[in-house]
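None of the figures in this text is laboratory data; all of them are computed from the coordinates on show. Given the structure is predicted, the values throughout are model-derived calculations rather than measurements. No Cβ is skipped: glycine too gets one built from the backbone with ideal geometry, and neighbour counts run over all protein chains shown.
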Protein chains: 2
Amino acid sequence: MTFITSPEIEEYIYRLSVPEDSIILEMEKLGHKTGFPIVDRIVGRFLFLITKLKNPGLIVEIGSGFGYSAYWFTKALSNGKVVLTDFSKENIELAKKFFEKGNLIDRAEFHVGDGMEIAQEIKGIDILFLDHQKTKYLEAVKKLEGNLNDGALVIADNTLWHGKVVEENPDRQTKAILEFNKYMFNNERFFSSLIPVRDGVLLSYYRKG
Amino acid sequence: MTFITSPEIEEYIYRLSVPEDSIILEMEKLGHKTGFPIVDRIVGRFLFLITKLKNPGLIVEIGSGFGYSAYWFTKALSNGKVVLTDFSKENIELAKKFFEKGNLIDRAEFHVGDGMEIAQEIKGIDILFLDHQKTKYLEAVKKLEGNLNDGALVIADNTLWHGKVVEENPDRQTKAILEFNKYMFNNERFFSSLIPVRDGVLLSYYRKG
C-alpha cells in the first residue's frame, strides 16, 4: 500500500495537538474501539480552523457517522448550524448523545437516511462535507451544486483513498475517487486544492457560474 | 532524510492542477532555474483558497523572495492589499515586474529590508505569512502579535523542515522550528493546525486575549 504522509511526521503532528475537550477524546476512543473510521484529530483541528476562517451559516454533512467531524465543525461556529446525516439510526443516536453532553445540540440538526436526498431539500449551504460512499461523491456534488451559496466550500474526505489513487489497476471505489478529483479540478466553477493530510482532504471553493 | 509526503502522491496532486496563468508558470520556471525556494503550485493553490475563505483586508509577508506566494495571495483578494518584504532588492524588483505583468501591482506594496521591522509599523494584519529565516519565526510572531487583527491567520512555511523535525540531533534551524511549532500549539490565543503539505504549512487562528 502506498502511504501518503510519513508515519513519523503524522505522529509528530499528532503529539503537538494539545488535549481536547473530554467529548472529543471519548469520540476518538469509540472510533478506535469499534474501528469506525473517523477523520481523526489532525483533520478535526483542520476542519475547525477552516470553519473559523469561513464563518459559515450552514454546514451540511453527507455521511456523519457518530458525529466526530460534525462536532469539530459545530465547535467552530459563532452562529449557524450543522446538519448531520447518516444511514444508521444507531450512529445518529450516538451523535445526539455526544452533542448533548458537549452542549452543542442547539446548533445541530440530525437526520437518519440518504444524506444526498436529505440535502437536496436544503438551500443555502456554505460548507458541504462529503464522507459517504466513495462511489457517490461525484453524484453528490452534481446533485447539490444548485444548493450551494456563492463562495461555498466543498470538503471531501478520503480523496487520496489510502494512496490507491496512484496505484495500478484501480478498483471501483478508487476509480470513482479519481474521477471525482478530476472533475473538481477541471470544473471552472470550482477552485480545488487537494491536501495530503491523513487520507486526503479535498477543499473546493465554489463560484456560481 | 525523512520525507513528508509520498513523492507519487505529490506528483498526482501536482498533475491534477490545471495550467495556471502564464505569470505563475514564468515564476515557477525562474524558481526551478535558479534553485530559489518557492512554495510551489500545490501550496500556492492552497494559499489562494485559504485567502478566498478568509477574505482579508491586509496580508503581510515576512520573506517574499521574488513574490511567488504573494502573487497567489494577491490573485485571491477581492479587495485589500498584500505587503511584500525581502532583504534582497533584486528579489523585490523581480516581484514588481511579475506583479506589473499580471496587473496586480495596485494591490501590492513592496519593501526592501528587514520584514520584521517593516511589519512592526503596520497595524491591522489579517494574514501574516512567515517565510524568512527559520530561526526567526518565533521572534516574528512574538513581535507582531500586537499588530494582528482579532481572527487573524498566521501562516508559516517550512514547519516540517524537510522532515528534520522528527530526526535525532536537530540542528539550530530545526530546533528553532520545533520550538516555534510548540509555541503555536500551546499558546491559548492561537489555534494551530500543521498541514503536511510539501515542507509543512502551519496555520494558526488568532484570538485576542
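Using all alpha carbons of the protein assembly as shown, what is the percent of pairwise distances in each 20 Å bin, ordered from the shortest bin to the longest?
Over the protein assembly as shown, the share of Cα pairs per 20 Å bin runs 27, 60, 13, 0 percent.
With each run of n ≥ 4 DSSP H residues scored as -39500 (n - 2.57), what mean residue ellipticity at 222 nm is computed for chain B after dividing by its residue count and rounding to the nearest 500 deg cm²/dmol?
Details: 8 runs with 89 residues, N = 209.
That calculation yields -13000 deg cm²/dmol at 222 nm.
Specify the inter-centroid distance of segment B:3-31 and segment A:100-126, based on alpha-carbon positions, in whole Å.
Centre-to-centre (Cα) distance: 37 Å.
How high is the relative contact order of segment B:7-206, given as a whole-number percent (alpha carbon pairs under 8 Å, six or more residues apart)? Present the calculation step by step, with values, prior to reporting the outcome.
On the way: 339 pairs, mean separation 33.5, N = 200.
About 17 percent, as a whole number.
Taking the axis about which chain A rotates onto chain B, which residue of A lies nearest it as judged by Cβ position, and how many whole Å separate them?
Taking the axis that maps A onto B, the answer comes out as A:Leu53, 2.
Within 10 Å of each Cβ in B:48-61, how many Cβ atoms from other chains are there, averaged over the peptide? Don't skip to the answer; put the middle values down first.
On the way: counts 3, 9, 7, 2, 9, 12, 5, 4, 1, 0, 0, 0, 0, 0.
Counting other chains' Cβ atoms within 10 Å and averaging over B:48-61 gives 4.
Restricted to Cα positions, what overall size does segment A:167-209 have along the principal axes? Three whole-Å values, descending.
Principal extents (largest minus smallest coordinate, Cα): 35, 21, 12 Å.
Which entries of A:Lys182/B:Lys97; B:Lys52/B:Lys164; B:Lys52/B:Lys97 show an alpha-carbon separation above 28 angstrom in the structure shown? Can you show the working numbers first?
Details: A:Lys182/B:Lys97 33 Å; B:Lys52/B:Lys164 32 Å; B:Lys52/B:Lys97 24 Å.
Pairs exceeding the cut-off: A:Lys182/B:Lys97; B:Lys52/B:Lys164.
Return the long-range amide H neighbours of A:Phe129 (sequence gap of 5 or more, or a different chain), with a cut-off of under 5 Å between placed amide H atoms.
Amide H to amide H, under 5 Å and 5 or more residues apart or across chains, A:Phe129 pairs with A:Val60, A:Glu61, A:Ile62, A:Ile155.
When chain B is modelled as a GNM with alpha-carbon springs shorter than 10 Å, which of B:Thr159, B:Thr34, B:Thr174 fluctuates the most?
Taking springs between Cα atoms under 10 Å, the residue moving most is B:Thr34.
Using a label point 7 Å beyond Cα on the Cα-Cβ vector, give me the inter-copy distances for A:Ser22 in nanometres, one decimal, shortest first.
6.4
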